[in-house]
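Notes follow the structure.
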């Protein structure tokens with residue numbers, strides 16, 4: 001049924017616009033408060049997202065939507081996306097995780113919500129879930145949310161690539177029916193490519209997780225031939241009981257906090273340490289640390305007592321700090337030039353190391369005591 005401006009039960013568009021302008025300040029307050037709430041809910045649930053976007057419809061878009069003959073809106077309240085949010089996630093399977101959170105925390109109007117992955121199975125480029133919802137009845141009783149009770153909004157959940165396609169497509173959407181066939185085909189191809197890329201990124205992530213788990217299991221099973229790469233190194237530094245024990249002892253020596261985890265990037269930055277020590281497999285790293293544990297702990301203790309004690313810079317202890325100090329022991333025991341070579345591998349130099357001559361003396365004494373030279 002097409003819109004009919006003269007229908008007796010349909011609110012005139014000018015009256016709708018007057019109502020909308022009158023409530024805009026309330027909608028803006030609702031938008032700001034709800035965006036903050038969504039961010040807090042995601043953080044509390046340890047759900048990551050790329051970003052959260054929000055907006056109140058412009059007067060121009062509100063008017064155009066109300067007058068759209070395909071919609072048959074009859075009052076302002078029938079437009080459910082006067083306030084809109086888009087939660088942008090990284091991977092397709094994260095859409096369902098966020099959608100569940102939205103359904104748990106908001107009163108969702110399922111009849112007017114839509115999962116475009118199901119309703120538009122032949123549409124490529126934008127695979128998303130749109131939830132039409134209000135603040136839950138329980139939350140609306142809280143003082144700071146009372147004024148927002150009954151306000152409807154739309155929360156969209158899409159991947160980065162889906163969001164990018166939606167933004168690009170939006171500019172051309174009103175003209176698509178008028179495009180020549182060759183342009184329509186180009187749009188279809190681009191949409192399909194983005195859809196494929198979304199699926200491939202998810203598949204790569206799953207395979208990466210599978211490989212990481214297989215490496216963890218091989219290390220736990222003490223398989224001897226696990227080569228050192230960024231994945232196995234991270235697992236070694238964060239999961240191996242002996243490595244963690246040595247790190248904990250060093251944290252006590254330096255009166256610092258031991259950080260429990262390591263990012264992929266931080267793990268890769270520790271590769272030069274292993275290269276300097278000539279370590280190429282997990283087993284060789286485990287053996288090296290166990291063989292020289294006493295020496296590196298004594299070197300660290302003497303360094304703290306004689307060199308680092310008055311040094312004011314205290315930083316958290318990162319996983320794998322035992323290998324770092326083992327490298328320092330070997331490097332400094334060879335003199336300043338050897339130390340320079342080792343530290344240069346880490347992208348730095350001798351600057352920032354206090355009392356270098358004293359540290360070299362300590363390293364050489366420890367190396368001699370333990371037969372490392």
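The values are calculated or read from the model by the stated rules, or taken from the named source; none is laboratory data. Quick caveat, the model's predicted, so the values are computed rather than measured. Note that each Cβ is placed from the backbone with ideal geometry, even for glycine, and that neighbours are counted across all protein chains shown.
The single condition among (1) assigned to a helix (DSSP H, G or I); (2) under 15 Å from residue 157 (Cβ atoms) that residue 14 does not satisfy is (2). In the range 236-256, the residues that are farther than 21 Å from residue 282 by Cα reach residues that are surrounded by fewer than 18 Cβ atoms within 10 Å (Cβ to Cβ) and at pLDDT below 90 with C-beta atoms within less than 7 angstrom, at least six apart or across chains, in these pairs: 251/257; 251/258; 253/304; 254/304; 256/314; 256/315; 256/316.
Sort through 73, 91 and tell me the only one that's touching a residue at least 24 places away in the same chain (Cβ under 8 Å), surrounded by 13 or more Cβ atoms within 10 Å (Cβ to Cβ), assigned to a loop (DSSP other than H, G, I, E, B) and under 25 Å from the mean Cα position of the chain (by Cα). The match here is 91. Residues in the range 264-273 include at least one that is under 27 Å from residue 357 (Cβ atoms) and either in contact with a helix residue (DSSP H, G or I) (Cβ under 9 Å, 6 or more places away or on another chain) or modelled with pLDDT under 90 (or both). Checking every residue in the range 289-301 against the condition of being at pLDDT below 80 and either closer than 20 Å to residue 246 by Cβ or surrounded by fewer than 15 Cβ atoms within 10 Å (Cβ to Cβ) (or both) gives zero matches. If the condition is being at pLDDT 90 or above and either surrounded by 21 or more Cβ atoms within 10 Å (Cβ to Cβ) or not in a loop (DSSP other than H, G, I, E, B) (or both), then the range 117-138 contributes 129, 130, 131, 132, 133, 134, 135, 137, 138. Take the conditions out of contact with any helix residue (DSSP H, G or I) (no Cβ under 8 Å at 6 or more places or on another chain) and part of a helix (DSSP H, G or I) and apply them to residue 81. Does it pass? So residue 81 fails the test.
Filter the range 29-48 down to the residues that are in contact with a helix residue (DSSP H, G or I) (Cβ under 9 Å, 6 or more places away or on another chain) and more than 18 Å from residue 136 (Cα to Cα), then identify the one that is modelled with the lowest pLDDT. Walk me through it before giving the result.
Let us first name the residues in the range 29-48 that are in contact with a helix residue (DSSP H, G or I) (Cβ under 9 Å, 6 or more places away or on another chain), namely 29-30, 33-34, 37-38, 41-42, 45, 47-48.
Keeping just the survivors that are more than 18 Å from residue 136 (Cα to Cα) gives 47-48.
Working: 47: 92, 48: 89.
Here the residue is 48.
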